[in-house]
């Protein structure tokens, strides 16, 4: 999910999901694109990444097993 530069991203927008919210801002002085992003790392830690990688290796949809709500919090 990409939001306008005037709207800083908030973790509450991705709470309990596997989504990433991003806000790109172009700095004309340095000619750089600065991207701020937030994720809910309960499901996107090493274990979530391992499941995603296993799904890709096994030819399964990338989100298999990741759309189940977390046990915590």
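The values are calculated or read from the model by the stated rules, or taken from the named source; none is laboratory data. Being a predicted model, the structure only gives us computed values, none of them experimental. Using ideal geometry, Cβ is built from the backbone for each residue, glycine included, and neighbour counts are taken over all protein chains shown.
Can you tell me which of 58, 71 is surrounded by fewer than 10 Cβ atoms within 10 Å (Cβ to Cβ), modelled with pLDDT of 90 or more and over 24 Å from residue 2 (Cα atoms)?
The match here is 58.
Scan (1) within 17 Å of the chain's Cα centre (by Cα); (2) at pLDDT 95 or above for the single condition residue 13 breaks and write down its number.
(2)
Going residue by residue through segment 13-34, is there one that turns out to be in contact with a strand residue (DSSP E or B) (Cβ under 6 Å, 6 or more places away or on another chain), in contact (Cβ under 8 Å) with a residue 24 or more places away in the chain and either farther than 22 Å from residue 53 by Cβ or not in a loop (DSSP other than H, G, I, E, B) (or both)?
Checked against the condition, which is being in contact with a strand residue (DSSP E or B) (Cβ under 6 Å, 6 or more places away or on another chain), in contact (Cβ under 8 Å) with a residue 24 or more places away in the chain and either farther than 22 Å from residue 53 by Cβ or not in a loop (DSSP other than H, G, I, E, B) (or both), segment 13-34 yields at least one hit.
Is there a residue in segment 50-65 that is under 11 Å from the mean Cα position of the chain (by Cα) and in contact (Cβ under 8 Å) with a residue 40 or more places away in the chain?
Scanning segment 50-65 turns up no residue that is under 11 Å from the mean Cα position of the chain (by Cα) and in contact (Cβ under 8 Å) with a residue 40 or more places away in the chain.
So, of the residues in segment 1-10 that are outside any strand (DSSP E or B) and within 26 Å of residue 67 (Cα to Cα), which turns out to be nearest to the chain's Cα centre (by Cα)?
Checking each candidate, the answer is 1.
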